Structures are given as structure tokens and as C-alpha cells.
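Worksheet: one structure, shown below.
Derivation of every value follows stated rules applied to the coordinates shown; laboratory data play no part. Everything numeric here is computed off the predicted structure, so don't read it as measured data. Here the Cβ positions follow ideal geometry from the backbone for every residue, glycine too, while neighbour counts run over all protein chains shown.
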Amino acid sequence: MSLVKVLSIDFGEKRIGLAVGDTESKIASPLKTIKNSGYENNCNSIKLIVKEWGISRIIIGVPQLYKEQEINKKIVNFGKILKKNLNLDVIFYNEDFSSNYAQAELAAQMKAGRKKKINKEEIDRIAAALILQSYFENEIFKRPDTGITSKD
């Protein structure tokens, strides 16, 4: 299996959290947060990151709990635009509660003595990393005969 560099996206109406990782180490790291400034600007920003990091796959978190939410339509539309403009694999992945988990993790760090104040941009980056880490873990436990994991 060859090394594939992966970009994860936590798409929000105000901000977009980004994380990176690769299929060899299977470790996700928060990268940055960009301001959601329209599909074209967002796509251009991500295009630069894809080039800089040598990304060949994009994972976009989509909440599954409330599938009919307007944000889901925006996320899917954005994913289609990225796929068309970047000509990369774009995979939609369940991200239910990733931002809540990120916020809980940061709150736990504060209780443990973290001095740096928590900001929304950091939550978005960590949520993107949680989405990507979950994707990697799902791939590790995928059954070779069916492609299904215990999470499916």
C-alpha cells in the first residue's frame, strides 16, 4: 500500500477546520482554520494547501444524525466543487459530534492546567483531526472480505 496524504475538512458556515495525516502513520494532526468566505475562495485556499502538502485524498465530515439539515447540503455541494476543481478523491465521512468532542477535549485540558485560552478556531482544527483519526481507525478495522467495519 502506498503512502497517501489526506486532508480532513470540518466545514462550518463561519469557519473551516483543516487537519492532515497519511495512510502510513494513520495519525491526524490539526493544521489550520480558514474563514468560510464562499466556495470559490475556500476552494482556492484548499487548493494551495493540497499543493503544499501533496494531498491526494480529502475527507469531509458530514453530520448523519440530522441528514436533512441545510448545512449538509452545503457540505455535499462544497465536496462536489472540490472534487471537480482538484480532481482528487473526496470522501464524505460521518462527523456527528466531532466539534462537541473537540470542545470536551479542550475543556479537559483546561482542568488539567492548560494556560492557553480556548478559541473557536482551535475547536474547528481539532474537530477536523478527530474526523480524520476516526476515518483512519475505521480503515484499520475494515474487513477485507466485505469492506465493512463494526462502525457500519
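Odds and ends about this structure:
- Links that overshoot a 22 Å alpha carbon limit, given the list 26/73; 35/83; 26/74: 26/73; 26/74
- The gain in end-to-end length when the residue 37 to residue 139 segment is fully stretched comes to 33.5 nm, 0.36 nm per residue minus the alpha carbon separation.
- Residues listed by number, the range 13-56, amide nitrogen under 19 Å from residue 73 label point at 7 Å toward C-beta: 13-14, 38-40
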